[in-house]
Amino acid sequence: MSWNQAILEAQPAAAPAVASPAMDSAEFTAFYERSARPLWAYLLRCSGDPALAEDLMQEAYVRFLGATQPANADIAARRYLFRIATNLLRDHWRRPKASSLEDLPESFFAAGTSADEMAVQQQLARAMGQMRPRDRQILWLAHAESYSHHEIAEITGLATASVRLLLFRARKRMRKLMEGSR
Amino acid sequence: MKTCPQKTEVEQAVRSGQWPLGCAAELREHVASCEQCAHEARLLSAFATTRESAMRTAPAQSAGLLWWRAQLRRRHEAMERLERPGLAIPTATIAASTILLIAVLATAWKRIDWSRLIAACAPAGWNVWMVTAVAALLCGFALVAAIVGLPDKRG
Ligand SMILES: [Zn+2]
């Protein structure tokens, strides 16, 4: 047995800070099947950059697996995954020159839909593009993912009262933008 | 503005996918006449269709590959932790050696017979205070010389 092998096999005792994964490979695959597409939609619609969304999606899952996951409840695990993705988006926006929603190719927000739906989506995309990044996240989590104020607070790390206020203001602004563009 | 009592019903209809054709005709009539509910239905429908179409463009990633990448990263991080010397060990070592050094010096200091040492080494007629003053002067001079003579590392 090589020294490296010995270290790897002794890992749980040698490095207790490494959490043992709550999911095995099969459980993770099932969780991935259920959560990947909504997570992709969230990252894509909030970042406006398909390549970035793909990178962040991979990173979110790798970090999800590397951390101590919430006890087997699927809903909690999914919320935790969105929390990781939210932090990754925030880290991206903190760096200079984050891309805007305006750059998003049309095919990414109107694939396989009717002309009416496409018009509504373009209207939403334009309005979202003018919102602040954090407001985009909160709006998406509330309206596309149907998360409660409390759940959004858990995902974003904000206080529930702040989420309520931010969402109220963002909705007001969104309404103005959407009605102005009709 | 007061919240319309039927807003929740409209929200539920859109979220469950029943809006507009799958829900009661009364609700559709209400939405047609209520500005607040009409906006709510429009907003939620826009998010729902945007989500649906975005989900259809999701890239094909392998869950198995992500699983192994996560395993590799965990192992790599565990290795790094083992290779990086912890801060606790050097701190404890330095503290123990310092205490030991002070103890040894204190014991040695007590054992020295200072008056005999001065009588043997210093010129006749010198007392402890004169020797101390000269020693302090010499130390000060050595310190100044060391500082002035230090090579300039900035260059
Ligand atoms: Zn109403």
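Just so you know, all these numbers are worked out from the coordinates, no wet-lab data involved. Not measured: the values here are computed from a predicted model. No Cβ is skipped: glycine too gets one built from the backbone with ideal geometry, and neighbour counts run over all protein chains shown.
The charge dipole of chain B, taken about its Cα centre with unit charges on the Cβ atoms of Lys, Arg (+1), Asp and Glu (-1) only, comes to about 680 debye. Each other residue within a Cβ distance under 10 Å of A:G66 adds +1 if Lys or Arg and -1 if Asp or Glu, for a net charge of +3.
Taking a sphere under 11 Å around the Cβ of A:A30 and counting the other residues whose Cβ falls inside, with K and R at +1 and D and E at -1, yields a net charge of -3. Projecting the Cα atoms of B:L117, B:W67, B:V10 onto the charge dipole of chain B (Cβ charges, centred on the Cα centre) puts B:L117 farthest toward the positive pole. For B:V31, neighbours were defined as the other residues whose beta-carbon sits under 11 Å from its Cβ, and their charges (Lys and Arg +1, Asp and Glu -1) total -2.
Using 0.36 nm per residue and subtracting the Cα-Cα separation, the extra length available between B:T98 and B:L65 on full extension is 6.7 nm.
Take the Cα of B:E80, step 7 Å toward its Cβ, do the same at A:D91, and the gap between the two points is 1.1 nm. Of the DSSP H helices in chain B, those with a Cα length along their own long axis of 20 Å or more and a mean Kyte-Doolittle hydropathy reaching 0.5 comprise B:88-111, B:128-149.
For B:K7, the aspartates and glutamates whose Cα falls under 14 Å of its own Cα, not counting residues fewer than eight places away in the same chain, are B:E26, B:E29, B:E35, B:E40.
Sorting A:M57, B:M55 from the fewest to the most surrounding beta carbons within 10 angstrom yields B:M55, A:M57. Ranked for footprinting exposure by Cβ neighbours inside 10 Å, fewest first, B:T91, A:T29 give B:T91, A:T29.
Note on B:R28 and A:A115: the model spin-label points, each 7 Å out from Cα along the C-beta direction, lie 2.2 nm apart. Taking square-rooted eigenvalues a ≥ b ≥ c of the alpha carbon gyration tensor, is region B:88-148 rounded, prolate or oblate, where a/c under 1.5 means rounded and, failing that, a/b exceeding b/c means prolate? Oblate.
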